[in-house]
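Visitor: First the structure, then my questions, so here it is.
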Amino acid sequence: MVTEGELPARRQWRLSANLPAFLLTVARAVVLRCCLDVILIISLPVLCLFVCFPRGRRWGMGPAPDRGLARAGAGLARALACPHRPRRRLPIGPLVAGQQRRRRRRGSAVAMSARTLPLLFLNLGGEMLYILDQRLRAQSIPGEKARKVMNDIITTMFNKKFMEELFKPQELYSKKALRTVYDRLAHASIMRLNQASMDKLYDLMTMAFKYQVLLCPRPKDILLVTFNHLDAIKDFIRDSPGILNQVDETFRQLIETYSCLSAGEFQLIRQTLLIFFQDMHIRVSIFLKDKVQNSNGRFVLPISGPVPWGTEVPGLIRIFNHNGDEVKRTEFTTDGNYVTPQREGSFDLYGDRVLKLGTNMYSVSRPVETHMSDSSKNLASRAKENIVPNPLAKEELNFLARLLGGLEIKEPGGSETGFRLNLFTTDEEEEYAQVLLGWGVCCSAMWTALETKVGP
């Protein structure tokens, strides 16, 4: 037993025994806090320096000396290693010169890609007319109504003011903006498409033109593909001279705008188109049956066929001396079966295009289906894109305001009766697509509600 007199003494002993450990812990905490404060005070100005000022320039200090010296030394080493080469003047500021070169390259790419939009719109519009013509015939729509639908859509598509805005140099806009234009264009007559059929129509249009761009032997042949589409459109309206004049005027605008472009400028246009299509991998039954598309939606490019106009069939290596004289020839075998084209396609208003890309692949009666690689994922993302407002840039809104001004949805009036066009083979397939689309809309709405509730 511990008596009452012993309790204060024992407490005092415990306090005196724990006091050094307590003081040591407090001292460690104070030192750690001071170290953290010092590190924070030193690192904040350095961090602000790197964030607020461009790379290589700190308050007007100029390019980093070590990097400039390294590049100058590398140039000097190359000059010493190749004494027969003429000496080049080393740049004073290599970093600044590199930045200027990069700016010039970016500026030229934007300027050339500003010519892409008319080609994209006209070729996708031509594919849309091919599909609508095939479905109008497949569903036995009366000839007078079918002609009226085609004439109304083509008249709206080649509206003079619309074409003037389209041919102005401008960057390529988003998929949603272009999709809105084609949605309005498809409903410019008495025909109506539901959401599932419109989705399928747009998928077929984009995949067909993507395949044509990939198969073009040379970048300039994209213009021949466009001419093939316009030739087929003129065949649709051969009995309407007024609309035919509209298409011919667009023909002349194309020739005037693109006939003076170089091969490099056409290559930039082709690159811009491929960037636009790079995330689209939708399976189409025609391509799958012809073995030109894999099950994952990617195209199979041939390794045989005609070579581009102006080039030779591969299989020969020629070696020249410093005077430009041929001194040796070496032949090698290739895996492909290449042939030389007989003539170049015509870039005039009338003529033989030679190239078959861009012609109507639906002229032969066969069903056309689309299959998404990841159905639920793509449907949900598309439904979300249709529900959630997409904050477009100011210039894109101005672009749509100008372009959509002439694309008014026409309501049937008087004795005209509208009709609904189905892009699916059977009603069951359309109902199934609508169910999937509705499921995607529900999932998208739930996800949006969760995001709103949880917050950023």
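The values are calculated or read from the model by the stated rules, or taken from the named source; none is laboratory data. Worth saying up front: this structure is predicted, and the values here are computed from it rather than measured. All Cβ positions, even for glycine, are placed from backbone atoms using ideal geometry, and neighbour counts span all protein chains on display. The protein model used for the area step is the full one, side chains on, heavy atoms only, and it has no ligands, DNA or RNA in it. Shrake-Rupley method; radii C 1.70, N 1.55, O 1.52, S 1.80 Å.
Visitor: Kindly indicate the residue of region 325-338 that is β-branched (Val, Ile, Thr) and open to solvent by 70 Å² or more (accessible area, probe 1.4 Å) and also nearest to the chain's Cα centre (by Cα) among those meeting that condition. I'd like the intermediate steps shown before the answer.
Guide: Restricting attention to region 325-338, the residues satisfying the condition of being β-branched (Val, Ile, Thr) are 327, 330, 333-334.
Filter once more, keeping what is open to solvent by 70 Å² or more (accessible area, probe 1.4 Å): 327, 333.
Working: Val327: 46, Thr333: 37 Å.
So, considering only residues that are β-branched (Val, Ile, Thr) and open to solvent by 70 Å² or more (accessible area, probe 1.4 Å), the one nearest to the chain's Cα centre (by Cα) is Thr333.
Visitor: Same structure, new question: So which of Tyr182, Tyr173 is under 18 Å from Leu119 (Cα atoms), modelled with pLDDT under 90 and surrounded by 17 or more Cβ atoms within 10 Å (Cβ to Cβ)? Full working, then the answer.
Guide: Numbers: Tyr182 fails: modelled with pLDDT under 90.
So the residue among Tyr182, Tyr173 that is under 18 Å from Leu119 (Cα atoms), modelled with pLDDT under 90 and surrounded by 17 or more Cβ atoms within 10 Å (Cβ to Cβ) is Tyr173.
Visitor: Going through region 140-158 one residue at a time, which ones are of a type outside the set (A, V, I, L, M, F, W, C) and under 19 Å from Glu127 (Cβ atoms)?
Guide: Within region 140-158, the subset of a type outside the set (A, V, I, L, M, F, W, C) is 140, 142-145, 147-148, 151-152, 155-156.
Listed by number, the residues that qualify are Asn151, Asp152, Thr155, Thr156.
Visitor: Suppose we filter region 153-211 for residues that are assigned to a helix (DSSP H, G or I), of a type outside the set (Asp, Glu) and in contact with a Leu (Cβ under 9 Å, 6 or more places away or on another chain); how many remain? Lay out the reasoning, then the answer.
Guide: Here is the first cut: in region 153-211, the residues assigned to a helix (DSSP H, G or I) are 153-157, 160-166, 175-186, 195-211.
Filter again for of a type outside the set (Asp, Glu), leaving 153-157, 160-163, 166, 175-182, 184-186, 195-198, 200-202, 204-211.
If we keep only those that are in contact with a Leu (Cβ under 9 Å, 6 or more places away or on another chain) as well, we get 153-154, 156-157, 162, 166, 176-178, 180-182, 184-186, 195-198, 200-202, 204-206, 208-211.
Total satisfying the criteria: 29.
Visitor: I want to confirm something. Restricting to region 258-276 and keeping residues that are within 18 Å of Phe167 (Cα to Cα) and aliphatic (A, V, I, L, M), which single residue is surrounded by the fewest Cβ atoms within 10 Å (Cβ to Cβ)?
Guide: Result: Leu261.
Visitor: Please indicate, with yes or no, whether at least one residue in region 157-170 is out of contact with any helix residue (DSSP H, G or I) (no Cβ under 6 Å at 6 or more places or on another chain) and crowded, with 20+ Cβ neighbours inside 10 Å.
Guide: No, that holds for no residue.
Visitor: Let me ask something additional. Go through region 186-217 residue by residue and tally those that are basic (Lys, Arg) and more than 18 Å from Met280 (Cβ to Cβ).
Guide: Residues of region 186-217 basic (Lys, Arg): 192, 200, 210.
Now narrow it down to the ones that are more than 18 Å from Met280 (Cβ to Cβ): 192.
Matching residues across region 186-217 total 1.
Visitor: Oh, and also: Taking region 133-152 as the search range and keeping residues that are free of Cβ contacts under 8 Å to residues at least 12 places away in the same chain and outside any helix (DSSP H, G or I), which one is most open to solvent (accessible area, probe 1.4 Å)?
Guide: Among them, the one singled out is Ser140.
Visitor: Moving on. Restricting attention to region 210-244, which residues are in contact with a Lys or Arg (Cβ under 6 Å, 6 or more places away or on another chain) and of a type in the set (S, T, N, Q)?
Guide: Correct list: Asn228 only.
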